[in-house]
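Derivation of every value follows stated rules applied to the coordinates shown; laboratory data play no part. It should be emphasised that the depicted structure is a prediction, and the values quoted were computed from it without experimental measurement. A quick note on method: Cβ atoms are made from the backbone with ideal geometry, for glycine too, and the neighbour counts reach across all protein chains shown.
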Amino acid sequence: MSTSSLLTSLYKFKAWSNEDLFTTLQQLNATDHADELHSALRILNHIHVVDKIFRANLQGIAHHFEATNTPETPTLNDLHAAVRETDNWYVTYVGGLDQSALSQSIHFTFTDQGGGQMTREEMLAHVVTHGGYHRGAVGRILAQLSIKPPRDIYTKFLHDTEPTRRQS
């Protein structure tokens with residue numbers, strides 16, 4: 001498997017995981033669990049903002065974010081739609097990259113105005129691992145409410161999307 005095809009698979013996994021998590025969050029009673037829902041939305045919005053920052057970095061354009069979260073908290077439905085759009089962008093973007101593009105080093109600016117430099121491949125790896133880390137925190141919120149969190153693991157994604165890989 002090439003790096004490009006692995007990244008494409010990982011970004012499809014990221015999109016799949018996000019869909020599953022947002023669907024599970026719909027189970028929360030917004031009145032009874034307002035604080036927990038707010039915490040989950042803040043975490044998911046942080047992931048989304050970082051995804052958007054790195055999307056801009058990958059495109060070589062300014063991101064205009066001053067922090068890695070926004071002052072306002074979006075609604076669950078609005079955030080879900082925005083995350084879905086960004087996930088679709090990444091899947092398409094990654095699918096069009098070759099090894100030369102992946103190894104290209106890019107200079108960018110962090111939200112604290114400090115400079116950074118990473119390869120496209122490193123940026124894409126960061127976005128995938130960053131999102132997984134924080135989705136786990138949202139899963140913990142769900143578990144504390146006795147709601148079974150989604151199984152956010154790559155093998156489950158592969159077996160769900162390619163059932164022939166699962167052997168008895």
(request) Compute the whole-percent fraction of alpha carbon pairs in the range 1-64 spaced more than 16 Å apart. (result) 62 percent
(request) Set the Förster radius R0 to 35 Å, insert the Cβ-Cβ distance between Ala30 and Thr119 as r into 1/(1 + (r/R0)^6), and round the FRET efficiency to 0.05. (result) 0.25
(message) Please compute the length gained on full extension between Trp89 and Ser103, using 0.36 nm multiplied by the number of residues separating them and subtracting their Cα-Cα distance.
(response) 3.1 nm
(request) Mind listing the long-range amide H neighbours of Ile106? Cut-off is under 5 Å, sequence gap 5 or more, other chains count too, H placed in the peptide plane at 1.01 Å from N. (result) Met118, Thr119, Arg120
(message) Report, to one decimal in Å, the Kirkwood hydrodynamic radius for the range 78-168 based on all distinct Cα pairs.
(response) 16.1 Å
(request) Just order 43-51, 142-150, 85-93 by mean Cβ neighbour count inside 10 Å, highest at the front, would you? (result) 43-51, 85-93, 142-150
(message) Can you give me the distance in nm between label points at Ser2 and His126, each placed 7 Å from the Cα along the Cα-to-Cβ direction?
(response) 2.5 nm
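If R0 is 30 Å, what FRET efficiency do you get for Ser146 and Glu72 from their C-beta distance, rounded to 0.05?
0.50
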(request) Of the listed values [x] 16.2; [y] 17.5; [z] 16.9, grab the one calculated as Kirkwood radius over Cα pairs in Å from the structure here. (result) [z]
(request) In nm, give the distance between the simple-model label positions of Asp112 and Thr23, each being 7 Å from the Cα along the Cα-to-Cβ direction. (result) 3.9 nm
